[in-house]
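Working notes, beginning with the structure itself.
The values are calculated or read from the model by the stated rules, or taken from the named source; none is laboratory data. These figures come from a predicted structure and were not determined experimentally. In this analysis, Cβ positions are derived from the backbone assuming ideal geometry, glycine residues included, and neighbour counts consider all displayed protein chains. Note: areas computed on protein heavy atoms with side chains; ligands, DNA, RNA excluded. Shrake-Rupley method; radii C 1.70, N 1.55, O 1.52, S 1.80 Å.
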Amino acid sequence: MKDPQKIKRGDELELQIESLAYGGKGIARVDDYVIFVKNAIPGQKVRALIYKKRKGYGEARPLEVLTESPHKVDAPCDHFLTCGGCKVQQLSYEEQVAQKKQQVENIFQRQAGISEFEIHDVVPAVNPFNYRNKMEFTFSNNRWVLPGEPEGVDRDFALGMHIPKRWDKILNIDACHLMPEIGTEILNKTQSLAKELKLKAYDQKTHNGFLRYLLMRFGHNTGDILVNLVTSYENPDLLKPLIDGLIAAFPQITTVVNNINTRKADVAFGEYELHLHGKPCLEEKLGDLTFEISANSFFQTNTVMAEKLYETALDGAGLTGEEVVFDLYCGTGSISLFLAQKAKEVHGFEVIVSSVEDATRNAVRNGAGNVHFHVANLDNFFKFGVGKKYPKPDVIIVDPPRAGMHKFMTNYLPKFGAQKIVYISCNPTTQARDTEILHMNGYRLKKITMVDMFPHTPHIEAVGIFEKQ
Ligand SMILES: C[S@@+](CC[C@H](N)C(=O)[O-])C[C@H]1O[C@@H](n2cnc3c(N)ncnc32)[C@H](O)[C@@H]1O
């Protein structure tokens, strides 16, 4: 075994992969020195090249698998190691779930020193593939050509994914197994039609070209399909043959919109939207509720597991029908509406005005008279006594973005005096950080349940239940 002090960049080492780090890299150790190995899975022994050496850790990439892992499975996707969306398709699903649980235990118990709470088994995904209800692909005139691709492949057209750390090149995607199969068919048809019609893909460097993104949404429980073509300028005549071709091939498409993004920013939503075909929005059902979702609204990307997530939150909230509930960071209000069925009154707070508009529309559509939505930047909204305008909550749900809650909000939260706080998080690191603050302010973490919303990716969704001491 090599002395960790002497390891340097460029070394080739034999490494045993022990576990998976949060983020998807394999963890190996030389004595106590941790080396993160990309594209390696627990149970493998690899010969790996060290490409980064820091005081506390190193990074490596495998050159050869010396001993295969008992957890290795064949990945169905040809793109998965290049595209970067799915990092662990070659790891059995059972082991992915076991590793996610271990990561959360490690972050809370070992790194943050938070113990004395129950950690439940992960609620596994019902469908480990074809689960995403929203996908976004980028058009480019600068294709990432793979070593095995035939000579003469179109270098000036791609519709697919950015590969990690390359903003300027796009990997053309033939199939993505995370979305429903019809998504792949629509993707392929869009690729062939765009080429046939000689529509120019956008150039990220010169900002010329027309087609920028293809975004699709799928109503898992309704069968609705929304297609959003994002273009760099408005020209419905130029777009029409492409859209006609798509609708002719897929009469199941229920909505087509065209977002116009004239800005340089590499984002798939426009300054404005043209409605070109069918219903104004996609409809989706969660339990007995129906949601109208527009092209740019936030909605949980795994419909089946969103139901499981909300049931977990509902179970943790322990509602009897008498409670006032606050839903902080409520997005388009799907949790608010879900919980309103079992609560006296729900108030949702959210910074994005269009999300609050969608939430309000969905409340009306579902006849939920006991839910109220408020536009609020929670980084400072409750400063200066604004909280007094609202009834005192018995239960608070928080579901902040990856960065976690703003320090002001985390410190302010206990002042409401709610009996329970249900903290839904897509980032265990910031959730553990906020847990420490809640612990210092009279709340105790009782249990954590993870719901696997994103198989084959490193993402983790966890529901933490806190009680007032
Ligand atoms: C993870 S999403 C929660 C979505 C929602 N709970 C659901 O299940 O559909 C986080 C939400 O926080 C909102 N958000 C981010 N920063 C915020 C802030 N400072 N104040 C209020 N809302 C914010 C985002 O717009 C987003 O809708």
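Quick notes
- Elements of type strands (runs of 3 or more DSSP E) in segment 1-53, at least 1 residues being closer than 18 Å to residue 80 by Cα: 26-30, 33-37
- Residues that are part of a helix (DSSP H, G or I), modelled with pLDDT of 95 or more, under 19 Å from residue 89 (Cβ atoms) and open to solvent by less than 30 Å² (accessible area, probe 1.4 Å) are absent from segment 118-125 altogether.
- Filter result for residue 95 (at pLDDT below 95 and either open to solvent by less than 60 Å² (accessible area, probe 1.4 Å) or in a loop (DSSP other than H, G, I, E, B) (or both)): no
- Of all the residues in segment 365-397, those that are more than 14 Å from the ligand (Cβ to nearest atom), part of a helix (DSSP H, G or I), under 21 Å from residue 323 (Cα atoms) and open to solvent by 30 Å² or more (accessible area, probe 1.4 Å) number 2.
- Counting only strands (runs of 3 or more DSSP E) that sit completely within segment 207-272, those holding 1 or more residues that are in contact (Cβ under 8 Å) with a residue 60 or more places away in the chain correspond to 211-218, 225-231.
- Restricting attention to segment 435-469, the residues that are under 14 Å from residue 316 (Cβ atoms), hydroxyl-bearing (Ser, Thr, Tyr) and in contact (Cβ under 8 Å) with a residue 40 or more places away in the chain total 1.
- Condition met for residue 58 (part of a loop (DSSP other than H, G, I, E, B) and not β-branched (Val, Ile, Thr)): no
- Scanning segment 129-144 for residues that are open to solvent by 40 Å² or more (accessible area, probe 1.4 Å) and modelled with pLDDT of 95 or more turns up 129, 130, 132, 134, 136.
- Scanning segment 444-466 for residues that are surrounded by fewer than 21 Cβ atoms within 10 Å (Cβ to Cβ) and either of a type in the set (D, E, K, R) or not in a loop (DSSP other than H, G, I, E, B) (or both) turns up 444, 446, 447.
- Evaluation of residue 415 against the conditions (1) within 13 Å of the ligand (Cβ to nearest atom); (2) under 16 Å from residue 435 (Cα atoms) shows that the sole unmet condition is (1).
- Positions within segment 173-200 being outside any loop (DSSP other than H, G, I, E, B), closer than 22 Å to residue 217 by Cβ and not hydroxyl-bearing (Ser, Thr, Tyr), in sequence order: 181, 182, 183, 185, 186, 187, 188, 189, 191, 193, 194
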